[in-house]
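Participant: Attaching a single structure in structure tokens format; questions to follow.
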Amino acid sequence: MAEAGTSTEENRDLVRRYIEEVWNAHDLEAIDGLVSSDYINHAASTEEYRQGGARRAVEWLLSVFPDHRFDIEDIAADGQTVAVRGTMVATHEGELMGIEPTRKRVTAQQSHWFRVVDGKLAEHWAVRDDLGTMQQLGVLPA
């Protein structure tokens, strides 16, 4: 069931806007209007990016993959929960966990889950093919 004042369709549209405006168009100013100030990113690897750090996480992502794009292939919503499946494409241009830029282009399947509260993104979870990404970068054997 959707949060009071929002519909399942509005929640789906919010996630689509977030991906298109922030992840794809790299409009960091859009974050404040789309993401709750107490947002929790369960997919983040450090506390700095986990609690209320949507902007910091996207800034970091774009410092590593400045041409980052996520193409939505499927999106489904049920009340507060919105799930998105798609493909991330990007070029490795910045340091990634101690790995110097390889300038290699990577493509990875990902699934992202969001919880919407009061018309803003409140939580995020992700399932990413990080192993495949590291293999494409040449830092792990294929």
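Participant: Local charge sum around residue 74 (other residues, Cβ-Cβ under 14 Å, Lys/Arg +1, Asp/Glu -1)?
Facilitator: Here the count lands on 0.
Participant: Then there's this: With the chain treated as a Gaussian network of Cα nodes joined by springs under 10 Å, which of 15, 89, 116 yields the largest mean-square fluctuation?
Facilitator: Result for the chain, Cα springs under 10 Å: 89 fluctuates most.
Participant: Amide H to amide H, which residues 5 or more places from residue 40 or on other chains are under 5 Å from it, using H placed in the peptide plane?
Facilitator: 52, 123, 124
Participant: Whole number in Å², please: accessible area per residue of segment 19-142, 1.4 Å probe, ligands, DNA and RNA not counted.
Facilitator: Value for segment 19-142: 50 Å² per residue.
Participant: If you take every residue apart from residue 137 with its C-beta less than 11 Å away from the C-beta of residue 137, what net charge results, scoring Lys and Arg +1 and Asp and Glu -1?
Facilitator: Spelling it out: positives minus negatives among the neighbours equals +1.
Participant: Expressed as a whole percentage, what fraction of the accessible surface of segment 92-142 belongs to carbon and sulfur atoms when a 1.4 Å probe is rolled over the protein heavy atoms?
Facilitator: 54 percent
Participant: Could you go through segment 26-37 in sequence order and give the Karplus-derived ³J(HN,Hα) for each residue, using 6.51 cos²θ - 1.76 cosθ + 1.60 with θ = phi - 60°, rounded to whole Hz, and x for Gly and Pro?
Facilitator: 6, 8, 5, 5, 5, 4, 4, x, 10, 10, 5, 5
Participant: Here's a follow-up. Calculate one ³J(HN,Hα) per residue across segment 10-16 by plugging θ = phi - 60° into the Karplus curve 6.51 cos²θ - 1.76 cosθ + 1.60, and present them in order as whole Hz with x for glycine and proline.
Facilitator: Here the 3J(HN,Hα) series is 5, 5, 4, 5, 4, 5, 4 Hz.
Participant: Let me ask something else. Taking H placed 1.01 Å from N in the peptide plane, check which residues at least 5 places from residue 104 or on another chain put their amide H under 5 Å from its amide H.
Facilitator: Placed amide hydrogens put 92 under 5 Å from residue 104.
Participant: Only loop residues by DSSP count here, and only those with at most 10 other Cβ atoms within 10 Å; note down the trypsin sites (Lys or Arg not before Pro) in segment 85-142 that meet that.
Facilitator: 103
Participant: Quick one: give the max-minus-min coordinate of the C-alpha atoms of the chain along each principal axis, largest first, in Å.
Facilitator: 48, 27, 24
The values are calculated or read from the model by the stated rules, or taken from the named source; none is laboratory data. In this text, all values refer to a predicted model and were calculated from it rather than measured experimentally. Note that each Cβ is placed from the backbone with ideal geometry, even for glycine, and that neighbours are counted across all protein chains shown. Heads up: the accessible areas ignore ligands, DNA and RNA and are worked out on the full protein's heavy atoms, side chains in. Shrake-Rupley method; radii C 1.70, N 1.55, O 1.52, S 1.80 Å.
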